[in-house]
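Note sheet for the following structure.
The values are calculated or read from the model by the stated rules, or taken from the named source; none is laboratory data. The structure presented is a predicted model; accordingly, all values stated were derived computationally and were not measured. Backbone-built Cβ (ideal geometry, glycine too); neighbour counts: all protein chains shown. Calculation scope for accessible area: heavy atoms of the full protein, side chains included, ligands and nucleic acids excluded. Shrake-Rupley method; radii C 1.70, N 1.55, O 1.52, S 1.80 Å.
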Protein chains: 2
Amino acid sequence: MADNAKGRERKPRITVKDLARDLNMSVSTVSRAFHPHAVIAQQTRDVVLKRAQEIGYRPNPFARSLITKKTRIVGLVVSDITNPFYPEVVTRMTEDLRAFGMNVMLVAAQAPKEIDDAVRLLLTYQPDLAIILASRLSPEVRDECEAQGTPVVFFNRLSEDDHCFGVSCDNRIGGAMVADFLIDRGHQRLAYIAARPDASTNVERRAGFVQRAIERGLEEPVCVEAGLFSYEAGYGAAAAFGALASRPDGVFCANDILAIGFMDGVRRELGLAIPEDLSVVGFDDVAMAAWPSHALTTVRQPVEAMLKSTVDIARKVSAQPAAEPFVQRIAPTVLVERQSTRNRHAD
Amino acid sequence: MADNAKGRERKPRITVKDLARDLNMSVSTVSRAFHPHAVIAQQTRDVVLKRAQEIGYRPNPFARSLITKKTRIVGLVVSDITNPFYPEVVTRMTEDLRAFGMNVMLVAAQAPKEIDDAVRLLLTYQPDLAIILASRLSPEVRDECEAQGTPVVFFNRLSEDDHCFGVSCDNRIGGAMVADFLIDRGHQRLAYIAARPDASTNVERRAGFVQRAIERGLEEPVCVEAGLFSYEAGYGAAAAFGALASRPDGVFCANDILAIGFMDGVRRELGLAIPEDLSVVGFDDVAMAAWPSHALTTVRQPVEAMLKSTVDIARKVSAQPAAEPFVQRIAPTVLVERQSTRNRHAD
DNA sequence: CTGAAAGCGCTTACAG
DNA sequence: CTGAAAGCGCTTACAG
């Protein structure tokens, strides 16, 4: 027991000094071995690194960042955790950033007010970059980031001002893809199930979808306002959909989780069959979309490319914090066809 | 443009020195104002804190932790992101820890090997505590945590050795609750759909369930091995279930996501009706369990209490790192009855 | 109760 | 190419 407790006492960490003494070198030299661009004899570096490995020395990132002003910490702010797209993205983002030695400090919160506070606490850790997943930042907090010199990237949202980076799918193109897909398969009356009216993703998917439908000579698709990106919102939208004068035969939902709720609502509340009575298309291609119960046809977000772009930004601002922000929109290329849609030309 | 770029340069941060000069005090005094237990005149503290607020000074946590050896960073290791229980827990945990000024550094990874590397990187940041959600840690990495004096808590898993804290639901009791629930409602032939054989959650839920069924005079429940905690595993288990000689009328699945997959498989592959042909019970009570499409009866994990216990540990080890580890098992108290089960006494 | 000084573990000009 | 020294932004004995 006593032994046990003793084992858990915070052991004094091995420091540069220890390693320098061990190697009979100066701390300067030892330190240089850990910096790829530092001027040091290759042989010396090898010796240092080897010995460090042996005795388990790793530079203290806090002491280091006190001088370099770099923390290798990336703040990740996520609020909409009910959308399975985000856990998937968070996991991959964490892995990808780690591959470049960057650690993720997570800020998850529900209320916008909480987000603000959380970001402020995050800022005291001087992250090299803050990544905002699908939420808003109050203008004040945005300014605080700027004042502190922390670059911000909005992921999967249109950046609202030109002080921030933005990485997102080209949602207009995605919306148009869906319209083409449905029209090519003989659908005549299209509908859009809308989510948050203030989300760029919702607005753009809708615009691309509606515009393409009109371009191709269909009537303007009817819109049902579900209000949120959630299962419940989709389920609830089924009632309003059922009340439409003439029933659409092709429905595009703002994202997958909304589509899945909508499908369940349509089936259980309206007693309609999918895809016999109507086709349903989503957006994201979350893992759940492939489940046999829904087999949702959907636009796959170019997550790989979006993550790569984000990691590139992280590396760039890490080297050069004053880099000029830009917005990158990546066109989706894959529409995964499953059993929630069918070809109506046969009718 | 030039203006823009200039605005983004990392501004020199306000330091104690700046604030001390501004207030005509020594840095020592200013510093003390930020430490609740420090000896300082109340009036002085008020003045300092007020002025700090005004000019936006916040102590640099890195510089601070260099001396205190406390980082207020909690490492959160999560691997099984396909189970919606974890995103929910991660969000709440992050919020709850933040309420005590602790930040979460997230380590998400798929492969065990990756986890090891990720935890090593995490360790260089000297987290005050590492919380492991439902994954394993290789013995070597466990030793590295110990060597560095970083306490470890296993969340929702039985701690495997007495060097680590453990916080989990009492899964035996939970399993027994399910058996009682089904038996009380007239079910005669019980079955268990098993997930990872090496997970304590799976093993204990099964044991509690089987034992109680036997105690109450039923035949030993049959077990179907699904192998994993996933939708796909549950869906796949339906086939084996359908091949059983005599069909069970009450099924307990190792957790919700497995149950949801199982229900879909049973309905689509076997053409059986739930709850008419069989009742299905899950474990966790994730948000998805309440969706109308599944309306899953399930044991609610005592998440509140589990989180509270975890945060308490975080605060305790933060004050006294050598605290003796313990394992806390919290009995579940709520079994949420929905429409995936019914009363068979009427038959 | 407050201040001057040392020091946490590093990095980086500056000499040599 | 290497070392001695200064300093990053704090905290904390130690005096007073």
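For the stretch A:141-279, what does the relative contact order come out to in percent, with C-alpha contacts under 8 Å and a separation of six or more?
In percent, rounded to a whole number, it is 22.
With unit charges on the beta carbons (Lys and Arg positive, Asp and Glu negative) and the dipole taken about the Cα centre of the stretch B:156-256, which residue among B:SER159, B:PRO197, B:GLY242 sits farthest to the positive side?
B:GLY242
With a cut-off of 8 Å between alpha carbons and a minimum separation of six or more residues, what is the relative contact order of chain A in percent?
Relative contact order of chain A: 14 percent.
Counting only protein heavy atoms and a 1.4 Å probe, tell me what percentage of the protein assembly as shown's accessible area is made up of carbon and sulfur.
C and S fraction of accessible area: 53 percent.
For chain A, modelled as a GNM with alpha-carbon contacts under 10 angstrom, which of A:GLU140, A:GLU337, A:GLU54 fluctuates the most?
A:GLU54
Would you check the accessible area of A:TYR86, probe 1.4 Å, heavy atoms only, in square angstrom rounded to 10?
We get 10 Å² for A:TYR86.
If amide H atoms are built 1.01 Å from N in the plane of the peptide, which residues on other chains or at least 5 residues away come under 5 Å of the amide H of A:CYS169?
The list, which skips near neighbours in sequence, is A:ASN156, A:ILE330.
If you filter the stretch B:32-125 for chymotrypsin sites (Phe, Trp or Tyr not before Pro), then keep DSSP loop positions with at most 16 other Cβ within 10 Å, what is left?
Passing sites in the stretch B:32-125 are B:PHE100.
For the stretch B:72-113 and the stretch A:32-99, compute the distance between their C-alpha centroids and round to whole Å.
19
Considering the options A:LEU19, A:LEU270, A:PHE100, tell which one lies farthest towards the positive end of the dipole of the protein assembly as shown, charges being +1 on Lys and Arg and -1 on Asp and Glu at the Cβ, about the Cα centre.
Working it through, the farthest residue towards the positive pole turns out to be A:LEU19.
Could you check what % of the DSSP bridge pairs in chain B are antiparallel, to the nearest 5?
5
Mind checking which aspartates and glutamates have their C-alpha under 19 Å from B:LYS316, skipping anything on the same chain fewer than 8 residues away?
A:GLU9, B:GLU95, B:ASP96, B:ASP128, B:GLU146, B:ASP162, B:GLU304, B:GLU324
Using Cα pairs under 8 angstrom and six or more residues apart, how large is the relative contact order of the stretch A:276-332, in percent?
30
Among B:ARG64, B:ARG45, B:ARG329, determine the one that fluctuates most according to a GNM of chain B built with springs between C-alpha atoms less than 10 Å apart.
B:ARG45
Compute the Rg to Rh ratio over chain B from the alpha carbon atoms, using the Kirkwood formula for Rh, and round to two decimal places.
With Rh from the inverse mean 1/r over Cα pairs, Rg/Rh is 1.12.
Measuring from label point to label point, each 7 Å out along Cα→Cβ, what is the B:THR15 to B:ILE214 span in nm?
Distance between label points: 6.9 nm.
Could you check which residue among B:LEU218, B:LEU133, B:LEU122 shows the biggest mean-square fluctuation in a GNM of chain B with a 10 Å Cα cutoff?
Evaluated over chain B, the most mobile residue of the options is B:LEU218.
Using a Förster distance of 41 angstrom, determine the FRET efficiency expected from the C-beta separation of B:ASP184 and B:ARG58, and round it to 0.05.
0.10
Can you give the accessible area of B:ILE55 in Å² (nearest 10), computed on protein heavy atoms with a 1.4 Å probe?
We get 50 Å² for B:ILE55.
Sticking with the crude label model, points 7 Å out along Cα→Cβ, report the distance from A:GLU114 to A:PHE100 in nm, one decimal please.
3.0
Which whole number in µm²/s is D for the stretch B:98-221 by Stokes-Einstein, with the Kirkwood Rh taken over Cα pairs at 37 °C and 0.692 mPa s?
Stokes-Einstein gives a translational diffusion coefficient of 197 µm²/s.
How big is D, in µm² s⁻¹, for the protein assembly as shown by Stokes-Einstein at 20 °C and 1.002 mPa s if Rh is the Kirkwood radius over C-alpha pairs?
My calculation gives 77 µm²/s for D.
Under 17 Å Cα to Cα from A:LYS50, which aspartates and glutamates show up? Leave out anything in the same chain fewer than 8 places away.
Output for A:LYS50: A:ASP18, A:ASP22.
Using only protein heavy atoms and a 1.4 Å probe, report how much of B:LYS316 is accessible, in Å² to the nearest 10.
Accessible area of B:LYS316: about 90 Å².
Go through the stretch A:332-342 residue by residue and turn each phi into a ³J(HN,Hα) via Karplus (6.51, -1.76, 1.60, θ = phi - 60°); whole Hz please, and just put x for glycine and proline.
With the stated coefficients, the stretch A:332-342 comes to x, 10, 10, 10, 7, 8, 10, 9, 8, 10, 8 Hz.
So how strong a dipole does chain B carry about its Cα centre when Lys and Arg Cβ are +1 and Asp and Glu Cβ are -1, to the nearest 20 debye?
Roughly 1760 debye for chain B.
Can you give the helix-only mean residue ellipticity at 222 nm for chain B, where every DSSP H stretch with n ≥ 4 adds -39500 (n - 2.57) and the sum goes over all residues, rounded to the nearest 500 deg cm²/dmol?
Calculated from helices alone, the mean residue ellipticity at 222 nm is -13500 deg cm²/dmol.
Rounded to the nearest whole Å², what accessible area per residue is found for chain B with the 1.4 Å probe?
Accessible area per residue: 41 Å².
For the stretch B:153-272, just say rounded, prolate or oblate: build the C-alpha gyration tensor, square-root its eigenvalues into a ≥ b ≥ c, call rounded for a/c under 1.5, and beyond that prolate if a/b exceeds b/c, oblate if not.
Cα axes put the stretch B:153-272 in the oblate bin.
Run the numbers on the stretch A:78-107: which residues show a drop of 30 Å² or more in accessible area, chain on its own versus all protein chains together, using a 1.4 Å probe over heavy atoms?
Flagged in the stretch A:78-107: A:ILE81, A:PRO87, A:THR91, A:THR94, A:GLU95, A:ARG98, A:ASN103, A:VAL104, A:MET105, A:LEU106.
Give the A-B buried accessible area in Å², both sides summed, 1.4 Å probe, nearest 100.
For A against B, buried area totals roughly 6500 Å².
In the stretch A:224-263, which residues give up 50 Å² or more of accessible area once the other protein chains are added, compared with their chain alone (1.4 Å probe)?
Checking the loss per residue gives A:TYR231.
The stretch A:229-336: which GluC sites (Glu not before Pro) are DSSP loop and have at most 15 other beta-carbon atoms within 10 angstrom?
Counting only loop positions with at most 15 other Cβ atoms within 10 Å, the GluC sites (Glu not before Pro) in the stretch A:229-336 are A:GLU276.
Enter the Cα centre distance for the pair the stretch B:234-290 and the stretch A:169-242, rounded to the nearest angstrom.
Their Cα centres are 34 Å away from one another.
Using the Cα centre as the reference, give the magnitude of the dipole from point charges on the C-beta atoms of the protein assembly as shown (Lys, Arg: +1; Asp, Glu: -1; all else neutral), rounded to the nearest 20 debye.
With only Lys, Arg, Asp and Glu charged at Cβ, the dipole is about 2660 debye.
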